[in-house]
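**Q** Below: one structure in structure tokens.
The values are calculated or read from the model by the stated rules, or taken from the named source; none is laboratory data. Everything numeric here is computed off the predicted structure, so don't read it as measured data. Note that each Cβ is placed from the backbone with ideal geometry, even for glycine, and that neighbours are counted across all protein chains shown. Areas reflect the complete protein model, heavy atoms only, side chains present, ligands, DNA and RNA absent. Shrake-Rupley method; radii C 1.70, N 1.55, O 1.52, S 1.80 Å.
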Amino acid sequence: MIYRKKILLLLFILPVFVSCTEIIEIELDSTYSRLVVSGTVTTDSIRHKVKLTTTTDYFYNEPPPAVENATVSISFDDTIVFLEESVNQPGVHLFPDAFRGVEGTTYYLEIRDVDIDKDGISELYEAETTMPDIAMADSIRLQKFITPFFSGYQVALWSPEPTGLHYYNYKLLRNGILINRRLSDYTVQTDEFINNNYISGIPVGFLNDEDENEVVNPGDEVTLEINSLTEDYYSFIVDAQSEIFGNNPLFSGPPANVHSNISNGAVGIFTAYSIDRVSVVASIPAF
């Protein structure tokens, strides 16, 4: 009788679980296109660029379409510079010559002669950004970090901290090769809890022994690049990373678009940031 009851119970429960495997298809409709802007000015002397594309549907499996033949200019102080569209990279607009951004300077972006909504009328898009001061670091050190699951080297920073609220992005290079190239790998933080105090050995990066691009050998040069960000750019990175990695459904806020400082309903970011770099040559072991 006991076995019979168990069999009857199983036969009763089984259809319940089977019925839960029904596939539900969700149709994601197309929406209107919007301009996507990605542009930077830094304190490095390079040909800074502004990239223009459009938004695409969720299941679009090709690179986003480039926006070609736009008129793109950046003005600052009493100067206006018209950027040149790359021959090899449609939609990428470059400064005519190498140019070094200046701290405290406000840069204004204008994008003209584009018709994203295809109504036959050209649109105007604008943005502005002010370059923060450079955060000058004193030194970095490599500190061995071992757990039962992974090992590597923490990069610890020693640096003065200016007054006021600042926003930073920390990038790592090994022998001149940038490790965290993707926005998803950026390490951004504010100085809210250390404001106006000397930074003494705070970890700002990690090099994993298991990653062939990060493993540190004797004589390797490790460089920390400190980007001093605008609040707009900091918010853009934080929002974008939240979209990439997802939010905790119990503690996150309601869904929202990624922060943008581009006018007229466009998305993306135009920003200026200052750069400082400090290096150390690895002497293994380093503790």
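**Q** Please count how many residues of segment 122-154 are among the β-branched types (V, I, T), in a strand (DSSP E or B) and either surrounded by 15 or more Cβ atoms within 10 Å (Cβ to Cβ) or touching a residue at least 60 places away in the same chain (Cβ under 8 Å) (or both).
**A** Number of matching residues: 3.
**Q** Let me ask something additional. Which of the numbered conditions does F99 fail, given that it passes all the others? Conditions: (1) out of contact with any His (no Cβ under 8 Å at 6 or more places or on another chain); (2) more than 26 Å from D239 (Cα to Cα).
**A** It fails just one condition, (1).
**Q** Name every residue in segment 189-210 that is within 22 Å of S279 (Cβ to Cβ) and open to solvent by 30 Å² or more (accessible area, probe 1.4 Å), in order of residue number.
**A** Q189, Y198, S200, I202, P203, F206, N208, D209
**Q** I've got another one for you. Go through (1) among the aliphatic types (A, V, I, L, M); (2) surrounded by fewer than 17 Cβ atoms within 10 Å (Cβ to Cβ); (3) closer than 19 Å to V280 by Cβ; (4) more than 16 Å from the chain's Cα centre (by Cα) and name the single condition L178 misses.
**A** So L178 meets the others, but not (4).
**Q** Are any of the residues in segment 54-70 modelled with pLDDT of 95 or more, part of a strand (DSSP E or B), touching a Leu at 6+ places or on another chain (Cβ under 9 Å) and open to solvent by 50 Å² or more (accessible area, probe 1.4 Å)?
**A** no
**Q** Is it the case that some residue within segment 241-261 is loosely packed, with under 12 Cβ neighbours inside 10 Å and either at pLDDT 90 or above or under 12 Å from the mean Cα position of the chain (by Cα) (or both)?
**A** yes
**Q** I'm checking my understanding of the structure. Among residues of segment 84-112 that are closer than 17 Å to T129 by Cα and free of Cβ contacts under 8 Å to residues at least 40 places away in the same chain, which one is most open to solvent (accessible area, probe 1.4 Å)?
**A** Within segment 84-112, the match that is most open to solvent (accessible area, probe 1.4 Å) is Y108.
**Q** Just to be sure I understand, how many residues within segment 155-172 are modelled with pLDDT of 95 or more and either over 17 Å from S228 (Cα atoms) or open to solvent by 60 Å² or more (accessible area, probe 1.4 Å) (or both)?
**A** Count: 2.
**Q** Evaluate segment 211-225: report whether one residue or more is open to solvent by less than 20 Å² (accessible area, probe 1.4 Å), touching a residue at least 40 places away in the same chain (Cβ under 8 Å), assigned to a strand (DSSP E or B) and closer than 28 Å to T106 by Cα.
**A** Within segment 211-225, one or more residues are open to solvent by less than 20 Å² (accessible area, probe 1.4 Å), touching a residue at least 40 places away in the same chain (Cβ under 8 Å), assigned to a strand (DSSP E or B) and closer than 28 Å to T106 by Cα.
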